[in-house]
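Only one structure is covered here, and it is reproduced in the block below.
The values are calculated or read from the model by the stated rules, or taken from the named source; none is laboratory data. Model, not experiment: these values are computed from the prediction. Here the Cβ is made from the backbone with ideal geometry for all residues, glycine too, and neighbour counts use every protein chain on show.
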Amino acid sequence: MAALSLHLDSIVDFLVRMLNTPSPTGYHLEVIETVEQAFHELAIADLRVERSPKGALIITWRGERDDAPRGLTAHTDTLGLLVREIKSNGRLKLHMLGGYMWNAVESEGVTIQTRDGRRYRGTVVPVKASVHIHRGAGDEPRKQDTMEARIDERVSSAADVRALGIEVGDFVFLDPRAEVIANGFIRSRHLDDKASVACIYGAFRALRDAGLRPAQTVTAVIANYEEVGHGAAAGFPPDLRELVAVDMAAVGEGQNSDEFSAGICVADGGGPYHVELTGRLRTLAEQHAIPYRPDIYPYYGSDGEAYWRAGGAAQVALVGPGVDASHAYERTHTDSLIHTTHLLARYLLS
Ligand SMILES: [Zn+2]
């Protein structure tokens, strides 16, 4: 059995670079560029990196064999916001991209990007934000109508805001607040699913460093529309036999997943994953002493299911690093990144 060395520092560096690159669903060019460059820099012979018409990255690595092609997928798109309305007082009403709780973004710093590329800072605040003015402001439900963006500019009318170049439909990026703590915890928004993209990168790097190639040709779709349900619906060869979707394991009350192992999802909101491929991944983890947690994610869907619903015929499984407080201020640990990376590398070699 080949020894593999997993290069944690480069995985974490790449992850932080992605976390600091804004990429709400619908705004993918910058982050796809970041990911494309990282895979190019691996300088793997026989690695083909292309972009699909819709902007996803399609990375193909020729394997020892090609009679049972495999797929991997993870997504770069994240939660975010759009400008919904420019209010007469110079505040912005917001439209959510992806599904989350409004209170998960309360008081978060944001960057508003205009169509011509100007950027302005601001904050998501409740309309009734000050306890000195509004009695019971804390009891107000947090929803679209009770929340707004305050722009850090001298604006007090819609005309003032439009003079900055801001218009309905502009993207609003949530500050990721990425922080790597010395004991291995990583705290940030958007670990879903940039942590998994970093794991795929780490697995490719581990094979490269060991002078190995995948047992079967593998196509990795680094998707840009997962949070809205159709990320990896396209991009794989028609004769694909297996697809391992890599996305966060849901950590929290009642869950078996944690931040220190590889998560293997048996079933989620879209039903069970493929029994044989899931079983093989669990056996691989056991053979290589990789800590893993089987689990069910009740209100969750993945690009594996997007592929199936689009007519994909391959077996599909879902693995990924454990993420606490998903779609809020998320957290994982480097142990989870390493074990997920290791599992992916062993899968590619198997
Ligand atoms: Zn995800």
Is there any pair linking a residue in segment 169-197 that is more than 16 Å from the ligand (Cβ to nearest atom) to one that is acidic (Asp, Glu) and assigned to a strand (DSSP E or B), with Cβ under 6 Å and at least six apart or on different chains, and which?
ARG187/GLU179
Can you list residue pairs whose Cβ atoms sit under 8 Å apart, with the first residue in segment 18-40 being closer than 23 Å to LEU207 by Cβ and the second being among the basic types (Lys, Arg)? Count only pairs 6 or more apart in sequence or on different chains.
MET18/LYS194; ILE32/ARG51; THR34/ARG17; GLU36/ARG51; ALA38/ARG17
Exactly one of (1) touching a helix residue (DSSP H, G or I) at 6+ places or on another chain (Cβ under 8 Å); (2) closer than 30 Å to ARG91 by Cα is unmet by LEU243. Its number?
(2)
Please note which strands (runs of 3 or more DSSP E) are completely contained in segment 104-172 and include at least 3 residues that are over 17 Å from SER88 (Cα atoms).
109-113, 119-126
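Matching residues to (1) assigned to a loop (DSSP other than H, G, I, E, B); (2) modelled with pLDDT under 95; (3) surrounded by 14 or more Cβ atoms within 10 Å (Cβ to Cβ):
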{"residue": "PHE14", "(1), (2), (3)": "no, no, yes"}
{"residue": "THR21", "(1), (2), (3)": "yes, no, yes"}
{"residue": "GLN37", "(1), (2), (3)": "no, no, no"}
{"residue": "PRO53", "(1), (2), (3)": "yes, no, no"}
Taking GLY235 and the conditions (1) closer than 30 Å to ALA317 by Cα; (2) more than 16 Å from the ligand (Cβ to nearest atom); (3) assigned to a helix (DSSP H, G or I), which numbered condition does it fall short on, given that it satisfies the others?
(3)
Can you tell me which residue within segment 257-277, out of those that are of a type outside the set (A, V, I, L, M, F, W, C) and free of Cβ contacts under 8 Å to residues at least 40 places away in the same chain, is nearest to TYR347 (Cα to Cα)?
GLU276
Condition broken by ARG213, with the remaining ones in (1) within 16 Å of the ligand (Cβ to nearest atom); (2) under 19 Å from THR341 (Cβ atoms); (3) not in a strand (DSSP E or B) satisfied
(1)
Just one of ALA267, ALA220, ALA245 is in a strand (DSSP E or B), more than 17 Å from the chain's Cα centre (by Cα) and either more than 16 Å from the ligand (Cβ to nearest atom) or at pLDDT 95 or above (or both); which is it?
ALA267
From the list VAL155, VAL125, pick out the single residue that is surrounded by 15 or more Cβ atoms within 10 Å (Cβ to Cβ), more than 25 Å from SER326 (Cβ to Cβ) and β-branched (Val, Ile, Thr).
VAL155
Pull out all pairs, ordered by first then second residue, where Cβ-Cβ is under 9 Å, the residues are six or more apart or on different chains, the first lies in segment 46-74 and is aromatic (Phe, Trp, Tyr), and the second is part of a loop (DSSP other than H, G, I, E, B).
TRP61/ILE44; TRP61/ASP46; TRP61/ARG213; TRP61/PRO214
